[in-house]
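To start, the structure under review is shown below, and the notes come after it.
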Amino acid sequence: MTLEIEQFACRDDNFCVLIHDTESGQTASIDAPQEKPIADTLSKRGWTLSHILTTHWHGDHVEANEALKARGNVEIVGPAAEAEKIPGIDRTVKGGDRFKFAGHTVDVIATPGHTLGEVSYYLPDDGLVFAGDTLFAIGCGRIFEGDAAMMWKSLSRLMDLPPETIVYCGHEYTLANARFALTVDPDNAALAGRAKQIEAMRQRGEATLPTTIALELATNPFLRAADPSLRARLQMKTASDADVFAEIRRRKDNF
C-alpha cells in the first residue's frame with residue numbers, strides 16, 4: 001500500500017494536504033480550508049475524495065466540509081470534544097484512538113491548546129504526522145482556548161515521535177517564525193542556517209513544509225525549553241520546561 005501526498009495552498013496562508021492510497025483509490029483531505037483548491041487538485045490528480053480528517057473546529061479548517069461532502073460520498077472524521085462545532089461530522093475520535101484509512105494505521109494524538117479538542121493524526125507505518133495548528137515549522141499554534149501547560153504537554157507528545165517523522169502543518173508561517181526564533185535562540189547555528197534557507201525558499205515562492213520532528217527539535221524554540229543556552233538567555237535557568245515554553249509563547253504573542 002503506497003500513499004501519494006499532495007500539499008497545496010488554500011486561502012491566504014493555509015495548507016491543505018491530500019493523501020491518496022494507490023491500491024484502494026481512497027483519498028483523504030487533512031482539514032478542508034477551501035472548496036475550490038481542493039476540488040481542483042482532486043480533479044488534476046484524478047482522485048475521488050473519500051474522507052476528511054479534521055484536526056480542529058476553526059473555520060479556516062472546516063469551511064469546505066459540507067460543500068465537499070455534497071459532491072460525493074465523503075466521511076468526515078473529527079475530534080469528539082469539538083463535534084458540535086464541526087460541520088457534517090460523521091465519526092468522532094479522541095486521543096489514544098486508532099483507526100484505519102485505506103488499510104493504513106492512523107493513531108489519534110490529543111494535542112489541545114490551540115483549541116480544547118484539537119487532535120493530530122499520526123500514521124506510524126508511513127512515518128507521517130498531520131499536526132494541524134499545534135506544531136508549525138519553527139513555531140507552534142497560538143493558545144486560544146487552552147493554556148501554556150496544556151500546549152506544552154501536547155507538543156511533548158509530538159516531540160516523542162520518531163525523529164524521522166515527516167510533519168505536515170496547517171499554515172505557511174515559517175518565515176515569520178524563524179525571524180522570531182532568532183530573537184530567543186540567536187546562538188543556535190542550525191536555526192541560523194535554516195532561517196537563511198527559508199528566506200531563499202520564500203523569495204522563490206516555495207513552500208517551507210513539510211518538516212520533520214528532528215529538524216524541529218534542533219531549530220524550533222518552542223520545543224527547546226530544556227536547552228541550557230536558551231534558558232540562560234531568558235534568565236530562566238531553574239524554571240520548569242513548561243514555564244520556559246510559556247515565556248517563549250508570551251514573547252511570540254507580542255513579537
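Taking Asp185, Asp125, Asp107 in turn, the Gaussian network model of the chain (Cα-Cα springs below 10 Å) assigns the largest fluctuation to Asp125. A simple spin-label model places the labels of Ala192 and Thr2 4.2 nm from each other, with each point 7 Å out along Cα-to-Cβ.
Legend: calculated FRET efficiency, Ser156 to Asp90, from the Cβ-Cβ distance at R0 = 30 Å, rounded to 0.05, equals 0.45. With a Förster radius of 30 Å applied to the beta-carbon distance between Ala149 and Ala214, the computed FRET efficiency rounds to 0.75.
Report the net charge of residues surrounding Glu82, where surrounding means a beta-carbon distance below 11 angstrom and charges are Lys +1, Arg +1, Asp -1, Glu -1. Residues near Glu82 contribute -1 overall.
Helix 241-253 sits at what angle to the longest principal axis of the chain, using alpha carbons and giving 0 to 90 degrees rounded to 10? Taking Cα atoms only, the helix is inclined about 80 degrees.
Of the residues Trp57, Trp47, Trp152, the one with the fewest other Cβ atoms within 10 Å heads the list, and the complete ranking is Trp47, Trp57, Trp152.
For the range 58-95 and the range 129-193, what is the separation of their Cα centres, given in Å? Answer, in whole Å: 25.
Calculated FRET efficiency, Ala9 and Ala200, Cβ-Cβ r, R0 22 Å, to nearest 0.05? My answer for the efficiency is 0.75. Here Lys100 is the anchor, and the aspartates and glutamates within straight C-alpha reach of less than 16 Å, apart from those fewer than 8 places off in the same chain, are Asp21, Glu23, Glu75, Asp90, Asp125, Asp126.
Please go through the residue pairs Lys69/Lys153; Lys153/Lys196; Lys69/Lys94; Lys69/Lys252; Lys94/Lys237 and name each one whose alpha carbons sit more than 28 Å apart in this structure.
Those over the limit are Lys69/Lys153; Lys153/Lys196; Lys69/Lys252; Lys94/Lys237.
For the pair Thr48 and Thr22, the difference between a 0.36 nm per residue extended length and the Cα-Cα distance amounts to 8.2 nm.
How high is the relative contact order of the chain, in percent, with contacts defined as C-alpha pairs under 8 Å that are six or more residues apart?
Here the relative contact order equals 13 percent.
Charges were assigned to the Cβ only: +1 to each Lys and Arg, -1 to each Asp and Glu. The resulting dipole of the chain about its Cα centre is roughly 620 debye.
Taken together, the values in this text are just the output of simple stated rules run on the coordinates, not laboratory data. What you are looking at is a predicted structure, and each value in this text was computed from that prediction instead of being measured. Cβ sites come from the backbone with ideal geometry, for glycine too, and all protein chains shown count toward neighbours.
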